[in-house]
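Q: My questions will all concern the structure given below.
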Amino acid sequence: MSSSLTLQCSACDRTYDARTWRCDCGAPLEFASTPTPANREPPTSWADTCAGLWSFDDFLPVDSHVSLGEGLTPLVDAPDWDAQFKLEYVFPTGSFKDRGATVTLSVAAELGVERVVEDSSGNAGAAIATYAARAGIDADIYVPSSVKPAKRRAIERAGATPVPIDGSREDVTAACVDAVESGDAWYASHAWNPAFFAGTATFAYEVCAQREWTAPDAVVTPLGHGTLFLGAYRGFRALREAGWIDELPRLLGAQAAGYAPIAAELHGDAAAAGSNDVADGIQIRDPVRKTQILDCIDATDGDAIAVPAAAVERERDALHRHGFYVEPTCAVAPAALAAYRERGVVAPDDDVVVPLTGSGLKTQ
């Protein structure tokens, strides 16, 4: 096993091999060392259209073993929002989760894993199932019994086994963890596995490369387990440490009302109250990496707010009318941008990037 795949506890610093999914103390694991490019200047030609996001392999912990050409998603002007939208919904499986899946399954292939398991509300499960199929690795995907039919079909058509679980999103995770601890499968978790976050960090590399190596003033993302939020932070931080950008953007999270533990931590329970069953992809009440998310917000002078269902539905309809065919969870970030502007958190002249994270084609 490559030494670059050695894992270290985020809380107590104990080290493990890359087949371990959690420290004995219960905290999530990270890569013990992170690769950095030798060149102190960004490349003049940064994108290999065949390599996709693997153009940034100097920042990644493993070689590309399992790829579908993912990445290099468009960054387009959105004048009606006074922002730039990064169209993450044009990935092979229709969501940004392919960023994490390609790196996670590449690590699995490096380790010789024969079967992976994952728990998901849909998008991460479809991504892991698809990249497992590409790798020739078996996959069991634990999903809520209420998962959207299109997402379940995507899992099944890739040859993976969907395992529907009644109850809350937390019940789905608990069932998957039980399977991991009682069997021999590798946990390809988008919440626990550090490889997934190494993949989502490529969002930041692409944004800055597409902007001629300047970071925006702010980035607004959906926030559940923090898969993209934390990945983006790690990517921007790596670019700053490499000397390729000068400043970190403010990272601003958009949570679903009623499922907003980060907003509650920052602003009190009343600020997180309400209901939002529309943004089903971020209905997470107890994120695995809550402490890291809060640290990231502190480090970037960021924030997190809760967005009600009505605002998400209005924003989704507006996005559709302007040609952005996205799923409801995706609309939570543009809706939050409007709220941040109203509160004065985002200034009128701030340069803002918003990822549109999932395709509306997957909501049927």
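Q: Name the residues in region 300-324 that are in contact (Cβ under 8 Å) with a residue 40 or more places away in the chain, closer than 21 Å to Phe96 by Cβ, surrounded by fewer than 21 Cβ atoms within 10 Å (Cβ to Cβ) and not hydrophobic (A, V, I, L, M, F, W, C), would you?
A: Hits for region 300-324 are Thr300, His320, His322.
Q: OK, next. Determine whether Ala127 is surrounded by fewer than 24 Cβ atoms within 10 Å (Cβ to Cβ), of a type in the set (A, V, I, L, M) and not in a strand (DSSP E or B).
A: no
Q: Identify all residues within region 29-61 that are in contact with a Leu (Cβ under 7 Å, 6 or more places away or on another chain) and over 24 Å from Glu212 (Cα atoms); write none if there are none.
A: The answer is Leu29, Glu30, Phe31, Ala32, Pro61.
Q: Considering (1) more than 26 Å from Pro42 (Cβ to Cβ); (2) part of a helix (DSSP H, G or I), say which one Gln255 fails and leave the rest.
A: Here Gln255 meets the rest and fails (2).
Q: Would you kindly identify the helices (runs of 4 or more DSSP H) lying entirely within region 154-236 that contain at least 1 residues that are hydrophobic (A, V, I, L, M, F, W, C), under 15 Å from Val143 (Cβ atoms) and within 19 Å of the chain's Cα centre (by Cα)?
A: 169-182
Q: Got a number for residues in region 263-287 being over 21 Å from Ser95 (Cβ atoms) and crowded, with 24+ Cβ neighbours inside 10 Å?
A: The qualifying residues number 1.
Q: If you don't mind, another one. Would you pick out the residues in region 291-316 that are of a type in the set (Asp, Glu) and touching a Pro at 6+ places or on another chain (Cβ under 8 Å)?
A: Hits for region 291-316 are Glu313, Glu315.
So that you can scan it fast, the table gives a plain yes or no per residue for (1) closer than 21 Å to Phe196 by Cβ; (2) touching an Asp or Glu at 6+ places or on another chain (Cβ under 9 Å); (3) not aliphatic (A, V, I, L, M):
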| position | (1), (2), (3) |
| --- | --- |
| Ala218 | no, yes, no |
| Arg234 | yes, no, yes |
| Leu251 | yes, yes, no |
| Ala254 | yes, no, no |
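Q: Sticking with this one: Which one of these does Val143 not meet: (1) out of contact with any Phe, Trp or Tyr (no Cβ under 9 Å at 6 or more places or on another chain); (2) crowded, with 24+ Cβ neighbours inside 10 Å; (3) not in a strand (DSSP E or B)?
A: Among (1) out of contact with any Phe, Trp or Tyr (no Cβ under 9 Å at 6 or more places or on another chain); (2) crowded, with 24+ Cβ neighbours inside 10 Å; (3) not in a strand (DSSP E or B), the lone unmet condition for Val143 is (3).
Q: Restricting the first residue to region 22-42 and requiring it to be charged (D, E, K, R), which pairs with a second residue that is surrounded by 13 or more Cβ atoms within 10 Å (Cβ to Cβ) and outside any loop (DSSP other than H, G, I, E, B) meet a Cβ separation below 8 Å and a spacing of at least six or different chains?
A: Arg22/Leu29; Glu30/Leu7; Glu30/Gln8; Glu30/Cys9; Glu30/Pro194; Arg40/Ala242
Q: Give, as residue ranges, the helices (runs of 4 or more DSSP H) completely inside region 259-313 that count at least 1 residues that are more than 20 Å from Ala124 (Cβ to Cβ), over 20 Å from the mean Cα position of the chain (by Cα) and assigned by TED's automatic domain parsing to the domain that holds Phe324.
A: Helices (runs of 4 or more DSSP H) meeting the threshold: 261-267, 269-272.
The values are calculated or read from the model by the stated rules, or taken from the named source; none is laboratory data. On a predicted model such as this, the values are computed, not experimentally measured, just so you know. Using ideal geometry, Cβ is built from the backbone for each residue, glycine included, and neighbour counts are taken over all protein chains shown.
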